[in-house]
Amino acid sequence: MTNPVAKIALEEHFMAPGFIDYFNKTSINISPELFGKALNALQDFGEIRIANMDSIGVEKAVLSLSGPGVQAETDTAVAVRKARECNDFLAAEIAKNPTRYGGFAHLAMQDPKAAADELERSVKELGFSGVMINGQTNGAYLDDDRYSVFWERAADLDAPVYIHPYNPPDVPYMYHGHSELFGPVWSWTVETGNHALRLVFGGVFDRFPKAKLILGHMGETLPYQLWRFDSRWEISNRGSKRLDMKPSDYFHRNIWCTTAGVCSDEPLRCAIDAMGAERVMFSVDYPFERPEEAGKWIDAAPLSDEERTKVCYQNAMELLHL
Ligand code: MN
């Protein structure tokens, strides 16, 4: 048996004390069996997690709180305080094993200025690599003007913003009678892909050209659609909106994606061919996907040696300053 290819993984989740009630809100999206199993794995920073990483060659896992975290908190002051506690908790866990773990900040997006300040603290003082945001917060998406202070700081810090799926503020009628579609099977892809397109078409990357966005799940299907975004943008009802570049250009300047939760060759090839081999990064989505499946798949996927090194290791090293 050959050794697995060396890897960094960056959609790898944990659970912090005091955050399980927020996590329980996702029980409407996930089967009770997986939910129970996941909770144990999420709280382990020791032997089980390391053994899973070792088995597929993951040298470093960049950890993020399993959502929605304080983004589901109704009291903004509590959200700000608990986000800070979460980041301190993660920093203490990373300090026990700093060669194997990195971190993404958890932020209270209810208060954009406090979120920007906590991102700065997390990057500069705690050594984190960026931030993971679990979709909308009280109905606000990241293209909202209130988040200019946040994007400006993230760009100044060169800190990537990873948008992780969560639910929309209400259950859209199109899911009526189809609870199986509301969650990871489909609605999270729609919600998160749409969130990213709000940023592109809302001109966030014109205002903050150095901002960096990461999407999981092989880009939430967006790489498949790039030509059509450009083509239909030409004839759509744009209102007064303008962009400095073609919509697809932002996918070559501001956006990266991970393989988290997708272990199949066709979308991998599509993401690489559409966005470039330097913009796709291996991830597992631990513990919601099986590491051995993700690891064996990427090791044998139809990539050149150069592409595989970029996807498994080099791109994350460079983007996350590891
Ligand atoms: Mn995930």
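The values are calculated or read from the model by the stated rules, or taken from the named source; none is laboratory data. The model shown is predicted, which means the values in this text are computed figures rather than measured ones. All Cβ positions, glycine included, derive from the backbone under ideal geometry; neighbour counts span all protein chains shown.
Things worth noting here:
- Filtering segment 137-182 to residues that are within 16 Å of the ligand (Cβ to nearest atom) and not hydroxyl-bearing (S, T, Y) leaves P160, V161, I163, H164, P165, N167.
- Checked against (1) polar (S, T, N, Q); (2) away from the ligand (no atom under 16 Å from the Cβ); (3) crowded, with 18+ Cβ neighbours inside 10 Å, T192 meets all criteria but (2).
- Single condition L303 does not satisfy, out of (1) among the aliphatic types (A, V, I, L, M); (2) in contact with a strand residue (DSSP E or B) (Cβ under 9 Å, 6 or more places away or on another chain); (3) more than 16 Å from the ligand (Cβ to nearest atom): (2)
- Condition met for G67 (at pLDDT below 95 and within 28 Å of G203 (Cβ to Cβ)): yes
- Condition check for T26: more than 15 Å from the ligand (Cβ to nearest atom) and among the hydroxyl-bearing types (S, T, Y): no
- Residue in segment 258-271 that is hydrophobic (A, V, I, L, M, F, W, C) and more than 23 Å from P4 (Cβ to Cβ) present: yes
- Scanning segment 191-239 for residues being of a type in the set (A, V, I, L, M, F, W, C) and closer than 25 Å to S129 by Cβ gives a total of 13.
- Among (1) assigned to a helix (DSSP H, G or I); (2) under 20 Å from the mean Cα position of the chain (by Cα); (3) within 19 Å of V185 (Cα to Cα), the one test that A274 misses: (3)
- Residues (free of Cβ contacts under 8 Å to residues at least 40 places away in the same chain and within 19 Å of G295 (Cβ to Cβ)) located in segment 235-265: C263, S264, D265
- Which numbered condition Y162 misses (of (1) out of contact with any helix residue (DSSP H, G or I) (no Cβ under 8 Å at 6 or more places or on another chain); (2) surrounded by fewer than 23 Cβ atoms within 10 Å (Cβ to Cβ); (3) within 16 Å of A105 (Cα to Cα)): (2)
- Residues (at pLDDT 95 or above and farther than 22 Å from G18 by Cβ) located in segment 41-60: I50, A51, N52, M53, D54, S55, I56, G57, V58, E59, K60
- Selection count where residues are under 16 Å from the mean Cα position of the chain (by Cα) and either away from the ligand (no atom under 16 Å from the Cβ) or among the basic types (K, R) (or both), scope segment 255-270: 1
The rows are residues; the columns are (1) of a type in the set (S, T, N, Q); (2) within 16 Å of the chain's Cα centre (by Cα).
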residue: T74; (1), (2): yes, no
residue: C86; (1), (2): no, no
residue: A115; (1), (2): no, no
residue: E125; (1), (2): no, no
residue: Y166; (1), (2): no, yes
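- Taken over segment 285-313, residues that are part of a loop (DSSP other than H, G, I, E, B) and farther than 14 Å from I8 by Cα amount to 8.
- If you filter segment 149-191 down to residues that are hydroxyl-bearing (S, T, Y), in contact with a Phe, Trp or Tyr (Cβ under 8 Å, 6 or more places away or on another chain) and in a helix (DSSP H, G or I), you find that the one that is nearest to E11 (Cα to Cα) is S187.
- Put simply, of L243, L320, L222, L226 the only residue that is under 25 Å from R198 (Cβ atoms) and in contact with a Cys (Cβ under 9 Å, 6 or more places away or on another chain) is L222.
- Test result for A38, within 16 Å of the ligand (Cβ to nearest atom), at pLDDT 95 or above and under 30 Å from Y141 (Cβ atoms): no
- Taking the conditions (1) hydrophobic (A, V, I, L, M, F, W, C); (2) assigned to a helix (DSSP H, G or I); (3) surrounded by 24 or more Cβ atoms within 10 Å (Cβ to Cβ) in turn, M132 satisfies each one other than (2).
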